[in-house]
Amino acid sequence: MAEFTESRHGMWSNRWLFILAATGSAVGLGNIWKFPYITGENGGGAFVLIYLICIAVIGIPIMLAEVTIGRMGRLSPYGTMLSLGQKFGGTKYWSILGGVGAVTGITILSFYAVIGGWVLYYVFRLLLGEFNGADSEFVEGAFTSFVGSWWQVAGWFTLFMVITTSIVARGVEKGLEIAVKWTMPFLFILLLVVLVYGIFEGGFGRAVSFMFTVDFSVLKPSSILEAMGHAFFTLSLGMGAIMIYGAYVPSDVSLRGTVYIVAAADTVVALVAGLAVFSIAYAYSLDPAGGVGLLFQTTTLAFGNLPLGSFFGFLFFLTVSFATLTSAISLTEPIITWIVEATNASRARVSILIGIVVWVLGLGSVFSFNIWSDFHLVEGKTIFDFLDYLTQAWLFPVGGLLIGIFAGFFLPKSALGEQWGISEGWKLTIWTLLIGVVAPICVLIVFAGEIGVISLVAE
Ligand code: PFF
């Protein structure tokens, strides 16, 4: 049973606000920028299928576990795991999960905000109409010369961090509702504009077949781990972001229904973004496996050649930057609430401190694309690549696995039933099993495949 009926950090005033905030956290660069390019790098259909399975079998149960734990504890993820861990798990060490998650959040933000800076740069360039009539060579050149310039990347990254920090300092409820309510529909419509353009340019058929023809022989051994990690990343799971948003959910809101809506919205945006990006990539003979620049190159090609394209392109990148911001905000929430609880310092001060730490950390990722591009932390991975890999492929899934086990095995079934509005019976048993057993086992199987204990793909 919940010890607190309200969180000291704030509350969503209604169910919609929670759905909007959680969707705002989930839908971001992961869907629009990352999903298309990693799908391209991992050969398409088979990767997409594994990703969708991971969303359904691992993502949805773990998301439910996270919001439930959050609402039961009503504190920062660290505080919640400490109090529920002591009460139901018999040890204070569950709090480590909250602590590691909080640090993971700012580590991610350090490179996420760098890409956020790229998006801001594109807002600006489209505003100036600089892609009018662009061809593939032009958009590729524009991207490469921008990321190659450390001071430009650093400048836009700094701007992104200043904006994020000033919003976070004021508290999450304010602003988030308006931002998400307006951003999501616009973002979706503009993605459809890009998609329709791609259809007219003739790349749609190949995009569909690339994304939905399942051919396991093209799958790399590492693709399964990447697909699973991405499922966690895209739903903001495994590090406490959704847990802290769960802490602000009023007691009478149905958690299961909201989780479905968030997961569905997130998946649809990713699939539409993928189709739009690949349609244009095929229509203009860009390489689908072209990497981190794919979104920027394809969309500017579309907007550069559409009537009123600069205006729509400007709006597109503006909405992408809002979507990025609403995700960035949620990445800071676990650590900020933790420090506020531990020190009683003001939220504003803590936010500024965190902003500065993230900025310093982020310089490593800024330079990964230019002056330090030859500096590899581990085999072939720049600082950016390494942080991305470490957090997404390992830290999120481990976090999610432990969250599932904690919720499924340590929280009393009756308390879970109360949270989900279901009384004892098969429904409760199934959900508890999905969370505590099925999802963790799937994560372990993928890990076992990655470290070579079992073989999941033909090599
Ligand atoms: N889900 C976000 C995206 O897909 O862009 C990224 C993210 C946000 C991951 C918040 C984790 C998180 F806690």
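Residues LEU275, LEU235: which one is buried (at least 22 other Cβ atoms within 10 Å of the Cβ) and farther than 30 Å from GLY404 by Cβ?
Values: LEU235 fails: farther than 30 Å from GLY404 by Cβ.
None of the others qualify; the one that does is LEU275.
If I filter the range 205-225 for residues that are closer than 28 Å to PRO334 by Cβ, of a type in the set (A, V, I, L, M) and within 16 Å of the ligand (Cβ to nearest atom), do I get at least one hit?
Checked against the condition, which is being closer than 28 Å to PRO334 by Cβ, of a type in the set (A, V, I, L, M) and within 16 Å of the ligand (Cβ to nearest atom), the range 205-225 yields no hits at all.
Looking for whichever is surrounded by fewer than 21 Cβ atoms within 10 Å (Cβ to Cβ) and outside any helix (DSSP H, G or I) here; the options are SER373, SER414. Which one fits?
Matching residue, one of SER373, SER414: SER373.
Quick test for you: out of LEU29, LEU20, LEU52, pick the one residue that is within 18 Å of the chain's Cα centre (by Cα), within 24 Å of SER222 (Cα to Cα), surrounded by 20 or more Cβ atoms within 10 Å (Cβ to Cβ) and of a type outside the set (Asp, Glu). Outline the logic, then answer.
Details: LEU20 fails: within 24 Å of SER222 (Cα to Cα); LEU52 fails: surrounded by 20 or more Cβ atoms within 10 Å (Cβ to Cβ).
Answer to the selection: LEU29.
Of the residues TRP156, TRP150, TRP118, only one is without any contact (Cβ under 8 Å) to a residue 60 or more places away in the chain and among the aromatic types (Phe, Trp, Tyr); which?
So the residue among TRP156, TRP150, TRP118 that is without any contact (Cβ under 8 Å) to a residue 60 or more places away in the chain and among the aromatic types (Phe, Trp, Tyr) is TRP156.
In the range 256-267, what residues are touching a helix residue (DSSP H, G or I) at 6+ places or on another chain (Cβ under 8 Å) and either within 14 Å of PRO36 (Cα to Cα) or surrounded by fewer than 22 Cβ atoms within 10 Å (Cβ to Cβ) (or both)?
Across the range 256-267, the qualifying residues are ARG256, THR258, TYR260, ILE261, ALA265, ASP266, THR267.
Could you please find all residues in the range 318-355 being of a type in the set (S, T, N, Q) and touching a residue at least 60 places away in the same chain (Cβ under 8 Å)?
Taking the range 318-355 first, the residues of a type in the set (S, T, N, Q) are 319, 321, 324, 326-327, 330, 332, 337, 343-344, 346, 351.
Scanning the range 318-355 gives THR319, SER321, THR324, THR326, SER327, SER330, THR332, THR337, SER351.
Quick one: which of VAL269, VAL249, VAL277, VAL259 is part of a loop (DSSP other than H, G, I, E, B) and either in contact (Cβ under 8 Å) with a residue 24 or more places away in the chain or touching a strand residue (DSSP E or B) at 6+ places or on another chain (Cβ under 9 Å) (or both)?
VAL249
Residues are listed down the side, and each one gets a yes or a no for (1) away from the ligand (no atom under 15 Å from the Cβ); (2) of a type outside the set (S, T, N, Q):
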{"position": "THR300", "(1), (2)": "yes, no"}
{"position": "SER321", "(1), (2)": "no, no"}
{"position": "LEU325", "(1), (2)": "no, yes"}
{"position": "THR332", "(1), (2)": "no, no"}
{"position": "ILE356", "(1), (2)": "yes, yes"}
{"position": "HIS376", "(1), (2)": "yes, yes"}
{"position": "ASP385", "(1), (2)": "yes, yes"}
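Only residues in the range 46-73 that are within 18 Å of PHE18 (Cα to Cα) count as the first member; pair them with residues that are crowded, with 24+ Cβ neighbours inside 10 Å and among the aromatic types (Phe, Trp, Tyr), Cβ under 6 angstrom, at least 6 apart or cross-chain, and list the lot.
Once the first residue is within 18 Å of PHE18 (Cα to Cα) and sits in the range 46-73, no partner that is crowded, with 24+ Cβ neighbours inside 10 Å and among the aromatic types (Phe, Trp, Tyr) comes close enough.
In the range 55-85, which residues are hydrophobic (A, V, I, L, M, F, W, C) and either surrounded by fewer than 22 Cβ atoms within 10 Å (Cβ to Cβ) or over 13 Å from PHE410 (Cβ atoms) (or both)? Give the steps one after another, and end with the answer.
So the first thing to find is which residues in the range 55-85 are hydrophobic (A, V, I, L, M, F, W, C), and the list is 55-58, 60, 62-65, 67, 69, 72, 75, 81-82, 84.
Listed by number, the residues that qualify are ILE55, ALA56, VAL57, ILE58, ILE60, ILE62, MET63, LEU64, VAL67, LEU75, LEU82.
Testing ALA169 on (1) out of contact with any Pro (no Cβ under 9 Å at 6 or more places or on another chain); (2) modelled with pLDDT of 95 or more, one condition comes back false. Which one is that?
With (1) out of contact with any Pro (no Cβ under 9 Å at 6 or more places or on another chain); (2) modelled with pLDDT of 95 or more applied to ALA169, the lone miss is (2).
Please list, ordered by first then second residue, the pairs with beta carbon atoms under 6 Å, 6 or more apart or interchain, first in the range 384-408 and farther than 19 Å from PRO221 by Cα, second within 12 Å of the ligand (Cβ to nearest atom) and not in a helix (DSSP H, G or I).
Here the result reads PHE396/GLY238; GLY399/GLY238; GLY399/MET239; GLY400/LEU237; GLY400/GLY238, each pair linking the range 384-408 to a residue that is within 12 Å of the ligand (Cβ to nearest atom) and not in a helix (DSSP H, G or I).
Among the candidates LEU275, LEU271, LEU295, which residue alone is within 23 Å of THR39 (Cα to Cα) and in contact with a Lys or Arg (Cβ under 9 Å, 6 or more places away or on another chain)?
Exactly one residue qualifies, and that residue is LEU295.
Answer with yes or no whether VAL103 is surrounded by fewer than 22 Cβ atoms within 10 Å (Cβ to Cβ), closer than 24 Å to LEU387 by Cα and touching a residue at least 60 places away in the same chain (Cβ under 8 Å).
yes
Which of the residues spanning the range 32-49 are more than 15 Å from the chain's Cα centre (by Cα), surrounded by fewer than 24 Cβ atoms within 10 Å (Cβ to Cβ) and of a type outside the set (Asp, Glu)?
Matches in the range 32-49: GLY40, ASN42, GLY43, GLY45, ALA46, VAL48, LEU49.
Name every residue in the range 236-265 that is farther than 24 Å from VAL103 by Cβ and within 12 Å of the ligand (Cβ to nearest atom), in order of residue number. Break it down stepwise before answering.
Quick first cut of the range 236-265, residues farther than 24 Å from VAL103 by Cβ only: 249-265.
Within the range 236-265, VAL262, ALA263, ALA265 meet the criteria.
Being among the hydroxyl-bearing types (Ser, Thr, Tyr) and either within 15 Å of the ligand (Cβ to nearest atom) or at positive phi (or both) is the filter here; which residues of the range 20-79 pass it?
First, pick out the residues of the range 20-79 that are among the hydroxyl-bearing types (Ser, Thr, Tyr): 23, 25, 37, 39, 51, 68, 76, 78.
Result: THR23, SER25, TYR37, THR39, TYR51, SER76, TYR78.
Name the residues in the range 227-249 that are more than 8 Å from the chain's Cα centre (by Cα) and more than 16 Å from CYS442 (Cα to Cα), would you?
MET239, GLY240, ALA241, ILE242, MET243, ILE244, TYR245, GLY246, ALA247, TYR248, VAL249, listed by residue number.
For the structure I just gave you, tell me whether PHE88 is closer than 27 Å to SER285 by Cβ and surrounded by fewer than 19 Cβ atoms within 10 Å (Cβ to Cβ).
No.
It is to be established whether one or more residues within the range 8-19 are in a helix (DSSP H, G or I), within 30 Å of THR299 (Cα to Cα) and either within 16 Å of the ligand (Cβ to nearest atom) or not acidic (Asp, Glu) (or both).
yes
Output the qualifying pairs, or none if there are none: Cβ atoms under 6 angstrom, residues six or more apart or on different chains, first residue in the range 22-39 and within 17 Å of ILE108 (Cα to Cα), second residue outside any helix (DSSP H, G or I).
SER25/SER236; ALA26/LEU235; ALA26/SER236
The values are calculated or read from the model by the stated rules, or taken from the named source; none is laboratory data. Note that the structure is predicted; figures quoted are calculated from it, not measured. Ideal geometry is used to build each Cβ from the backbone, glycine not excepted, and the neighbour counts take in all protein chains shown.
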